[in-house]
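The values are calculated or read from the model by the stated rules, or taken from the named source; none is laboratory data. Quantities reported herein were computed from a predicted structural model and do not represent experimental measurements. As a convention, Cβ positions derive from the backbone with ideal geometry for all residues, glycine included, and neighbour counts pool all protein chains shown. When the accessible area is computed, the model is the full protein with side chains, heavy atoms only, and any ligands, DNA or RNA have been set aside. Shrake-Rupley method; radii C 1.70, N 1.55, O 1.52, S 1.80 Å.
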There are 2 protein chains.
Amino acid sequence: MKITHCRVTPIAFRDPPLLNVQGVHQPWALRSVLELETDTGLVGLGESYGDKDVLEDLGEAREAILGLDPFETNVLRQRLFDHLAVTPGTRGHKALEKTFAALEVAMLDLQGQMLGKPVHEILGGALREKVPYSAYLFYKFARHKDDPYAPDPWGEVLTPEQMVGETRQMIDEYGFTSIKLKGGVFEPELEIETLRQLHGAFPTHPLRIDPNQGWDVGTSIRAGRALEGTLEYLEDPTPTLEGMATVAKAVSVPLATNMVVTSFAHFPEAIRLGSVQVILSDHHYWGGLRATQTLARLCQTFGLGLSMHSNSHLGISLAAMTHVAATIPNLTYACDTHYPWQDDEVIAGGKLNFDKGSLTISDKPGLGVTLDYNALENLHQNYLNCDISERNDELEMQKYQPAWQAKLPRFLEEIVG
Amino acid sequence: MKITHCRVTPIAFRDPPLLNVQGVHQPWALRSVLELETDTGLVGLGESYGDKDVLEDLGEAREAILGLDPFETNVLRQRLFDHLAVTPGTRGHKALEKTFAALEVAMLDLQGQMLGKPVHEILGGALREKVPYSAYLFYKFARHKDDPYAPDPWGEVLTPEQMVGETRQMIDEYGFTSIKLKGGVFEPELEIETLRQLHGAFPTHPLRIDPNQGWDVGTSIRAGRALEGTLEYLEDPTPTLEGMATVAKAVSVPLATNMVVTSFAHFPEAIRLGSVQVILSDHHYWGGLRATQTLARLCQTFGLGLSMHSNSHLGISLAAMTHVAATIPNLTYACDTHYPWQDDEVIAGGKLNFDKGSLTISDKPGLGVTLDYNALENLHQNYLNCDISERNDELEMQKYQPAWQAKLPRFLEEIVG
């Protein structure tokens, strides 16, 4: 069996005005849908970022993938390495991992379809029937600037009390049993108060906050200490491996990251410095599902915890995340997902359903999802019409506050002279 | 498809009187041949150690493997972990990795047969058509004590000149382009002189020596410095991660190991101390072929080289080694193999053939080897008759020198008071 076609369709879907340290989500989130077709007529699916550079890299990868058997992931990686990473002017290693990841998922989908086995079985078999996800909470505006479409049902969330309301709404609907708050938006005191109110309202739900490097070291230490006993982990409070190491030494709450350790190359220094205790995996940039399993073994080897990161995504990504999560013995935290914030979908049958905060693993061949081609066409039309080719939360925030600028860290305890 | 039968057949095959730091090889080397049979009549093969404890563990693993699909390697590992590692009195983690490895290879053989694909393709695809092996040289006696069978054709090798002869004979026959000398047998000066003569006779062949921790730190440093410019790497000169780290700081020759880093659990301390620069993989105890790929990624991550270790083995193991070696981008050294020392074989068609020191990867389904059941029965009869249930090179050496005792390190530069 050979892969004979590789189609990459950029799409854009509705995304609420979610606040974060970089600004606010634009009304359209970009994504790419990947279809690998074989000479036997099978179609394997992948989903990745939709930014311009990723689309370019996926386009350039076409010649590397065509003619390969769906099992030849290793060969593809080597070809991409030769092609993308070595060609002057290309975006190097991280681009390679992102490109490979998107293609590898589609190849695993094909492998599963060939064998009549779900991807989790191709990956060695599921160790759990259900994969728990966390309630991923954002402060948010009530509506996008200029109302490009009808406002979302979540309303305005700018205070601790409103956040407790958002959380209750999400937990009532999805049944999540862990909570993650996207921070780095407001003064740390307000976010700490938000967490305290969440802890009061949901005392048995493990809590996390992710300020996205919005705090300096001093703020991180103060906040970390204030939240000891409240937090399951503190995610990326401050920039750099060195900054995180300083915070890690000063607070007892475990530090997690998807910002300072984002590839295997970051491991040696992170281990040497003791910067983090939990790694957030994400197959989209760690290099695919098998690389995620390798990352898990690496975390186990070095005594680090493992959780899972998410960007805005649709059902193909969620299916892939769930398959790999089911196979990892030491994925002991509920996975992050933005999925409840999306009301668009590209897979047939509509959105995947959570039961008590978990997704039940699929027993269908491959990823177990197929495309709704009408939806794909609609979302592609959104992409063509939305006038966005790269995510830019700062630019979007300037529509509300023209002088606003993203900066890391945003909140400083000490003024550095 | 389900695995319905698991047969483990202990075998014993002729092994020459090869010298090493532990003594001398017994006339019979022990091994186990594993057959996993499915409800569709496929038979997957594995080969592992034949010592008593491994046979017991493989026997105990039967209940864990029966009923599994050949793709459920992950599930098997978890079951073995629950069963073997947690049961009081069992041999724990290392036993788990050995047992799992043997079964995983047979499951991968089945996967390949199901798909009509060679194991290297199941593992992601071959990055090379040929896998180079090294000439694995031993000092040796001319014949076993009491001549249990006709002497081997290699004769006595106890001097540098005889070793050059052995090497020439092996390279003429197999075409190897790298050389590894098993050391720790004689005074280091004689082994250094042997390496110098080998370097003179084969100046373009990279050279290694493995004293199997036979030297103390002082001897290792002296020998390592004397051999700078001659050695590709120096393997396990001295015991312990700390000892190796001291040697590593003092000599420029890279240090390799298959003794101080033999599982993922040893990595953190080895990295912290800087004990080694090259890891010798061995799927038989690292936990199988996919774990070997993971080990490779770990070595790449931490900037370590990767080579491959070997014990006495037959063709099933050699096939498995070759499949995985073909898939690893950073396996940049020729692999070790004892294979030329064995004149018995258990696979149909007899021994695998080297071409210019390399094995060409197989394009047959699975491992690409099948059993010669007559040979299996004969080798099993050897096992029943040989009166050996655990390898013991020291006991064998005492037949020649009754007062001889194995000790590590054997050769001391400094007398410790």
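The table for this structure:
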read-out	value
Qualifying residue in segment B:306-327 (condition: open to solvent by 20 Å² or more (accessible area, probe 1.4 Å) and within 14 Å of chain A (Cβ to nearest Cβ))	no
Scan of segment B:96-121 for residues that are open to solvent by 10 Å² or more (accessible area, probe 1.4 Å) and aliphatic (A, V, I, L, M), ordered by number	B:MET114, B:LEU115
Residue count, segment A:5-19 (criterion: under 23 Å from A:LYS140 (Cα atoms) and either open to solvent by less than 10 Å² (accessible area, probe 1.4 Å) or outside any strand (DSSP E or B) (or both))	7
Qualifying positions in segment A:294-312 - in a loop (DSSP other than H, G, I, E, B) and farther than 17 Å from A:VAL131 by Cα	A:PHE302, A:GLY303, A:LEU304, A:ASN311, A:SER312
Residue identified as within 19 Å of A:PHE302 (Cβ to Cβ) and in a helix (DSSP H, G or I) among B:ALA291, B:ALA223	B:ALA291
Pairs where the first residue, in segment A:384-413, is more than 24 Å from A:GLU191 (Cβ to Cβ) and the second is not in a loop (DSSP other than H, G, I, E, B), C-beta under 7 Å, 6+ apart	A:CYS386/A:ALA12; A:CYS386/A:TRP28; A:ILE388/A:ALA12; A:ILE388/A:TRP28; A:ILE388/A:LEU30; A:SER389/A:LYS52; A:GLU390/A:LYS52
Selected residue (criterion: farthest from the other protein chains (Cβ to nearest Cβ)) from residues of segment A:72-95 that are modelled with pLDDT of 90 or more and open to solvent by less than 60 Å² (accessible area, probe 1.4 Å)	A:LEU80
Test: residue in segment B:357-380 that is open to solvent by 10 Å² or more (accessible area, probe 1.4 Å), within 30 Å of A:ALA270 (Cβ to Cβ) and in contact with a Ser or Thr (Cβ under 7 Å, 6 or more places away or on another chain)	no
Segment B:35-53 residues that are at pLDDT below 95, paired with ones that are among the hydroxyl-bearing types (Ser, Thr, Tyr) and surrounded by 19 or more Cβ atoms within 10 Å (Cβ to Cβ) (beta carbon under 8 Å, 6 or more apart)	none
Candidates A:GLU269, A:GLU242 - the one that is open to solvent by 10 Å² or more (accessible area, probe 1.4 Å), away from chain B (no Cβ under 14 Å) and outside any strand (DSSP E or B)	A:GLU242
Segment B:168-189 residues that are in a loop (DSSP other than H, G, I, E, B), paired with ones that are open to solvent by 60 Å² or more (accessible area, probe 1.4 Å) (beta carbon under 8 Å, 6 or more apart)	B:GLY175/B:ASP355; B:GLY175/B:LYS356; B:THR177/B:THR204; B:THR177/B:LYS356
Only one of A:LEU127, A:LEU110 that is in a loop (DSSP other than H, G, I, E, B), within 14 Å of another protein chain (Cβ to nearest Cβ) and among the aliphatic types (A, V, I, L, M)	A:LEU127
Filter result (more than 14 Å from B:TYR339 (Cβ to Cβ) and open to solvent by less than 10 Å² (accessible area, probe 1.4 Å)) within segment B:179-190	B:ILE179, B:LEU181, B:GLY183, B:GLY184, B:PRO188
Hits in segment B:245-266 (condition: farther than 20 Å from B:GLY214 by Cβ and either away from every other protein chain (no Cβ under 13 Å) or over 23 Å from the mean Cα position of the chain (by Cα) (or both))	B:LYS249, B:SER252
Extreme residue, most open to solvent (accessible area, probe 1.4 Å), among residues of segment A:145-178 that are under 23 Å from the mean Cα position of the chain (by Cα) and either modelled with pLDDT under 95 or among the hydroxyl-bearing types (Ser, Thr, Tyr) (or both)	A:THR177
Single unsatisfied condition, B:TRP341 versus (1) open to solvent by less than 20 Å² (accessible area, probe 1.4 Å); (2) touching a Pro at 6+ places or on another chain (Cβ under 7 Å); (3) over 30 Å from B:GLU187 (Cβ atoms)	(3)
Residue under evaluation A:ASP152, criteria (1) within 14 Å of another protein chain (Cβ to nearest Cβ); (2) in a loop (DSSP other than H, G, I, E, B), criterion not met	(1)
Count of residues meeting criterion [facing chain A (nearest Cβ under 10 Å) and either of a type in the set (Lys, Arg) or out of contact with any strand residue (DSSP E or B) (no Cβ under 6 Å at 6 or more places or on another chain) (or both)] in segment B:280-303	11
Failed item in (1) open to solvent by 30 Å² or more (accessible area, probe 1.4 Å); (2) at pLDDT 95 or above, with A:ASP69 passing the rest	(1)
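Yes/no per residue for (1) over 18 Å from the mean Cα position of the chain (by Cα); (2) hydrophobic (A, V, I, L, M, F, W, C):
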| position | (1), (2) |
| --- | --- |
| B:LEU304 | yes, yes |
| B:MET308 | no, yes |
| B:ALA326 | no, yes |
| B:CYS335 | no, yes |
| B:TRP341 | no, yes |
| B:ASP355 | yes, no |
| B:VAL369 | yes, yes |
| B:ASN378 | yes, no |
